[in-house]
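Read through the structure below, which is laid out as structure tokens, and then see the notes.
The values are calculated or read from the model by the stated rules, or taken from the named source; none is laboratory data. This is a predicted model, so every value here is computed, not measured. With ideal geometry, Cβ positions are generated from the backbone for all residues, glycine too; neighbour counts draw on all protein chains shown.
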Amino acid sequence: MSSSRIVDPRSRIVDPRSRIVDPRIEADAFAGESRSDARRAERVKEDALERLATDLIGLSAKKLGQLELHEELVDAVTDAKKIPTGSALNRQVRRIRILMRDLDWMNLRTKLDTLMETGVVPGLGSAPADPVSDSSLAWTLRLVGEGNTGVEAFVTEFPRADRTHLRQLVRAVQKAEGDRRLRAERTLTAALRGFLR
């Protein structure tokens, strides 16, 4: 017969890290989180992966080579470029998303953004790696995915932050679609960079 321990739910230690930032965290570490919060966090992460996959498909072969991706991921992106439109392309984008889940996809997103802005991959040549960009992207995804919980975590870590302004920026990202959403995310990321420097 196994002995069962009764654990007080209030004594359970919840990991302050976010599921969006580190997907390897076990689900039971987030015991206080509701299912709808978990679904929203997962949806935000998958949306970010889908946008990253779409951006990778739009790259030229030369720029894709500069990112130094795994061979399987490069093959999947190359195959997706050959598919014109429709459900086959959606399946291929899904396959790319699945391949990127196991990678450090936020670092890849930062590299891709820097490559698109400057033409050089960070850490190679004249472009140094920027840890502030990595953490600002991680916080952006966490704030959008977790909503008020993420805002509270950010304000706890950076007490100078204006809670109301952050909530407004997060709400703007959540309500916007398409290009407006990208602009709203860039505005939120820029606001976060000021605290992370």
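Odds and ends about this structure:
Per-residue answers, yes or no, for (1) more than 27 Å from Ala172 (Cα to Cα); (2) modelled with pLDDT under 85; (3) within 13 Å of the chain's Cα centre (by Cα):
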residue: Pro122; (1), (2), (3): yes, yes, no
residue: Asp130; (1), (2), (3): no, yes, no
residue: Ala138; (1), (2), (3): no, yes, yes
residue: Glu146; (1), (2), (3): no, yes, yes
residue: Val151; (1), (2), (3): no, no, no
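- For the stretch 156-174, a residue qualifies if it is touching a helix residue (DSSP H, G or I) at 6+ places or on another chain (Cβ under 8 Å) and part of a helix (DSSP H, G or I), and the qualifying residues are Arg163, His165, Leu166, Arg167, Leu169, Val170, Ala172, Val173, Gln174.
- Residues (surrounded by fewer than 17 Cβ atoms within 10 Å (Cβ to Cβ), among the small types (Gly, Ala, Ser) and closer than 26 Å to Ser34 by Cβ) located in the stretch 173-197: Ala176
- Candidate set: the stretch 35-93, residues that are small (Gly, Ala, Ser) and within 26 Å of Thr140 (Cα to Cα); chosen: the one surrounded by the fewest Cβ atoms within 10 Å (Cβ to Cβ): Ser36
- In this entry, Ile98 is excluded by the filter for residues that are surrounded by fewer than 16 Cβ atoms within 10 Å (Cβ to Cβ), in contact with a Leu (Cβ under 6 Å, 6 or more places away or on another chain), at pLDDT 90 or above and not charged (D, E, K, R).
- Enumeration of residues in the stretch 87-100 that are among the basic types (Lys, Arg) and either under 21 Å from Lys63 (Cα atoms) or not in a helix (DSSP H, G or I) (or both): Arg95, Arg97
Results for (1) farther than 23 Å from Arg51 by Cα; (2) touching a residue at least 12 places away in the same chain (Cβ under 8 Å); (3) of a type in the set (D, E, K, R), shown as yes or no for each residue.
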site	(1), (2), (3)
Glu146	no, yes, yes
Gly150	no, yes, no
Ala172	no, yes, no
Gly194	yes, no, no
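- From the list Arg171, Arg142, Arg181, the lone residue that is in the same structural domain as Arg197 (by TED's automatic domain parsing), modelled with pLDDT of 85 or more and of a type in the set (D, E, K, R) is Arg171.
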